[in-house]
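Rule-based calculations on the coordinates, nothing more; no lab input. Note that the structure is predicted; figures quoted are calculated from it, not measured. Methodologically, a virtual Cβ is constructed for each residue, glycine included, from the backbone with ideal geometry; neighbour enumeration extends over all protein chains shown.
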Amino acid sequence: MSIKPDKWIREQARKGMIEPFEESQVGDGVISFGVSSYGYDMRIDNEFKIFTNINTAIVDPKHFSTASFVDFKGKACIIPPNSFALGKSVEHFTIPRNILCIVLGKSTYARAGIIVNVTPLEPTWNGFVTIEISNTTPLPVKIYANEGIAQVLFLESDEPCEISYADKKGKYQNQTGIWLPRVK
């Protein structure tokens, strides 16, 4: 990048890469979100799919059963010990053809035993991000809706990729909610 990273992110956001977009870092009394030094801290929405074993289901990514989770909507989600939940970003992302995004969990949650996993946002991927939140502790943990959950780092190439996510007709293109595992 030849310009300051935070300025570059603001310019990309004005082109529609992130909506809604927070121009600065918001952090008073909340887990921070918005533009950071070299990335963007995205928020988690208020809808969750909490994984449970009440139905003794087997989690099979090739033949996924909705009996594996319970739906929850609220200001905060409690994830049971040694369990996990899925959520989605508040922000909608439209990734340009010359950008790849890597998403990492925020340190506030990491220090509480929470691992946030998101696969890379590939060039021309579009949608709301499905976020996996693992509670590695033996205690229940609280996740706050509409607050920061992960940082998106942007890697810019000098030239666009030859085959993008949209070109491949990626199975998670245009995500609108929390999308469950799929096999083409």
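Could you quote the convex hull projected area for the range 112-184, Cα atoms only and averaged over all directions, in nm²? Convex hull of Cα atoms, orientation-averaged projection: 6.6 nm².
Rounded to the nearest 0.05, the FRET efficiency derived from the C-beta distance between residue 179 and residue 108 at R0 = 22 Å is 0.30.
Can you pull out the trypsin sites (Lys or Arg not before Pro) in the range 1-49 that DSSP calls coil and that have at most 11 other Cβ atoms within 10 Å? Here the trypsin sites (Lys or Arg not before Pro) that fit, given the DSSP loop and packing criteria, are 15. Think of the range 21-94 as having a plus end and a minus end, set by charges on the Cβ of Lys, Arg, Asp and Glu; of 25, 65, 87, 65 sits farthest toward the positive end of this dipole. Here's how it looks for residue 44: its modeled amide H is under 5 Å from those of 90, 146, 147, 149, which are all 5 or more places away or on a different chain.
Computed over the chain, the percent of Cα pairs more than 25 Å apart is 36.
Each other residue within a Cβ distance under 10 Å of residue 124 adds +1 if Lys or Arg and -1 if Asp or Glu, for a net charge of 0. Here each label is just a point 7 Å from Cα along the line to Cβ, and for residue 169 and residue 82 those points are 4.3 nm apart. Sequentially through the range 80-90, phi angles give Karplus couplings (6.51, -1.76, 1.60; θ = phi - 60°) of x, x, 6, 10, 8, 9, 10, x, 9, 6, 5 Hz, Gly and Pro residues having no value and appearing as x.
Compared with the direct C-alpha span, the chain from residue 8 to residue 58 gains 13.6 nm at full extension, assuming 0.36 nm per residue.
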